[in-house]
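Reading through the structure tokens given below for one structure.
The values are calculated or read from the model by the stated rules, or taken from the named source; none is laboratory data. Note that this is a predicted model, so its numbers are computed, not measured. We place every Cβ from the backbone using ideal geometry, glycine too, and count neighbours over all the protein chains shown. With ligands, DNA and RNA removed, areas are computed over all heavy atoms of the protein, side chains included. Shrake-Rupley method; radii C 1.70, N 1.55, O 1.52, S 1.80 Å.
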Amino acid sequence: MRIAVFSAKPYDHTFISRANAAEHHVFNFFDVRLTVDTAPLAKGFEGVCVFVNDCLDASVLQQLYEGGTRLVALRSAGFNHVDLAVAEQLGMTVVRVPAYSPHAVAEHAVALVLSLNRMTYRAYNRIREGNFSLDGLLGFDLHGKTVGIIGTGQIGLIFADIMHGFGCRIMANDPFPNPDANAFIEYVPLATLFSSADIISLHCPLTPETHHLIDAGAINQMKDGVMIINTGRGRVVDTQAVIAGLKSGKIGRLGLDVYEEEEQLFFEDLSQGVIDDDQFMRLTTFHNVLITGHQAFFTTEALTNIAETTLANIDAFESGSGTMHRVANAKLD
Ligand code: NAI
């Protein structure tokens, strides 16, 4: 089968080509994001393979369909960027990688917690400049602190285990409490989590219910100096509201791996140009904000799993047998 790979970086090329060593399929790699303007590149390809910031709205799906595409293979678990209703109407199959490495994301969330707490990113720069002052680097013991986890799926549970290992009390909120959750996880209403947690970490998907879950009203309920970590999806957080919370001191530390408008920024080297997202640039001015560019998933294990599961999905679609991780409108298998 011929597949057009969008948002293809050198590492995608490496891992997909490795998984396709038997050359059952032909992959064409396009560095550009899939948008209404780039969709014509997929003309004649039965499959497209896309990542989190590719656009799969109604008009793009329609163009893909008219060009002969019948399979959309997501290199991600999340599928909030796909208009599933339109894909279904068109009879297009959407597949995803349900789990590639929940450890990678949970461990990155912990890295953000540790770096922000002890300000290691500031210390690194100071030492290089011969500044050995400790002023401004004061952290706190994680032991005994309360961690609030929103979303206790695969990633949330691993994050809970690690933080519990530090001696933290673990609270969680999830409309579907996980039967695999350890007994140390206390499921509480959102309001209780907001008012009790010293650290709040977001591990829920982006849905209409979670859009701007962290807004001004939520932040007002939180403890003074709260640390917020978002490795979920950017739009779960209202950026204007967190900027106001940082300015007032209500939010003591903020760690982001995802950002509301990241489609225009992340995964590209924009260092030679002008970044015109003033909101994002404001975030980068705070000494107590640490941003990474959607790299939580980025481990060797995850990229191997993404490539191998994507190949298995394509094989199953083509042969009509084997396991295909299909995303259907509002239901998964
Ligand atoms: P999962 O599907 O295993 O777990 C998600 C959990 O969130 C479920 O338990 C679900 O019941 C819960 N949830 C749904 N609506 C909720 C709500 N309104 N409030 C609280 N909880 C709610 O997903 P997984 O694998 O743990 O991933 C979580 C999220 O992490 C993904 O949806 C994705 O957005 C993000 N992610 C980020 C990556 C990165 O590189 N930064 C990589 C992979 C995933």
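A few comments on the model shown:
- Qualifying lysines (Cα of each under 18 Å from Cα of Lys223; at least 8 residues distant if same chain): Lys145, Lys247, Lys250
- Rg(Cα) / (2.2 N^0.38 Å) computed for the chain, rounded to two decimals: 1.05
- Each Cα pair under 8 Å and six or more residues apart adds its sequence gap; the mean of these over the residue count of segment 102-291 is a relative contact order of 19 percent.
- Measuring max minus min along each principal axis, the C-alpha atoms of segment 102-291 give extents of 48, 38, 31 Å (largest first).
- Accessible surface computed residue by residue for segment 207-294, with neighbouring protein chains in place and a 1.4 Å probe, gives 46 Å² per residue.
- Judged by the mean number of other Cβ atoms found within 10 Å, the most tightly packed of the peptides 160-169, 176-185 leads the ranking 160-169, 176-185.
- Rel. contact order, % - alpha carbon contacts under 8 angstrom, at least six apart, segment 238-333: 24 percent
- Within the chain, helix-based [θ] at 222 nm, where runs of 4 or more DSSP H residues each add -39,500 (n - 2.57), nearest 500: -10000 deg cm²/dmol
- DSSP beta bridges fully contained in the chain are about 5 percent antiparallel.
- Loop-resident GluC sites (Glu not before Pro) (DSSP state other than H, G, I, E or B) in segment 260-333 with no more than 15 further Cβ atoms inside 10 Å of their Cβ: Glu261, Glu268.
- Close amide-amide hydrogen proximity is noted between Arg169 and Gly144, Lys145, Thr146, Val147, each under 5 Å apart and 5 or more residues distant or on a separate chain (H modeled in the peptide plane; Pro and chain starts excluded).
- Listed peptides 45-58, 189-202, 118-131, 78-91 appear in the order 45-58, 189-202, 78-91, 118-131 once ranked by packing, highest mean of other Cβ atoms within 10 Å at the front.
- Counted charge near Ser59, where neighbours are those whose Cβ lies closer than 12 Å (Asp, Glu -1; Lys, Arg +1): -4
- Normalised by the number of residues in the chain, the average gap of Cα pairs under 8 Å and 6 or more apart makes the relative contact order 17 percent.
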